[in-house]
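Trainee: Here it is, the structure, as structure tokens.
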Amino acid sequence: LAYLQGRNNHSCGGFLVAPNWVMTAAQCLAYKPLTATLGAYSTPRRQQSWQTFQVQEYHSHPRFTKPADGDDLLLLKSDVGDPLICKGKAIGIFSYRRGRWVGLYTHIARYLPWVNSVIK
């Protein structure tokens, strides 16, 4: 897991998808520059295990305009948006809340060709 801290103390959740690459929601781009903290799920007593890095590259999905329109994915590259997990696999990244719904997620699998092209 990754905790992303941006301008005005805005935060987003994300997760590692490859070494040096974090996936989150593209709407977090509005708060750059972002700092990524890995291992932030640790208890405060274990804070020494956290790793914090400044994000070096931002790659939002080319069709993203606003969360409600979809394509709400952002890949971040560093020198090192909470995922939806099912049976130990990341299935989606949190996108936004709408009304009384708990939250809407962007389904990751259909974006794998784009993710792999950016990471290469």
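Trainee: Given H placed on each backbone N at 1.01 Å, which residues far from Ile91 in sequence or on other chains put an amide H within less than 5 Å of it?
Mentor: Amide H neighbours of Ile91: Leu84, Ile85, Cys86.
Trainee: Please list, in order along the range 55-67, the HN-Hα scalar couplings obtained from phi with the Karplus expression 6.51 cos²θ - 1.76 cosθ + 1.60 (θ = phi - 60°), rounded to whole Hz, x for Gly and Pro.
Mentor: Along the range 55-67, the couplings run 5, 9, 9, 10, 10, 7, 4, x, 9, 6, 10, 7, x Hz.
Trainee: HN-Hα J couplings of the range 110-115 from phi, Karplus 6.51/-1.76/1.60, θ = phi - 60°, integer Hz, Gly and Pro as x?
Mentor: With the stated coefficients, the range 110-115 comes to 5, 9, 4, x, 5, 4 Hz.
Trainee: Here is a further query. Residue by residue, what Karplus-based ³J(HN,Hα) values in Hz, rounded to whole numbers, does the range 26-31 have, using 6.51, -1.76 and 1.60 with θ = phi - 60° and x for Gly and Pro?
Mentor: Couplings: 4, 4, 5, 4, 5, 10 Hz.
Rule-based calculations on the coordinates, nothing more; no lab input. Note that the structure is predicted; figures quoted are calculated from it, not measured.
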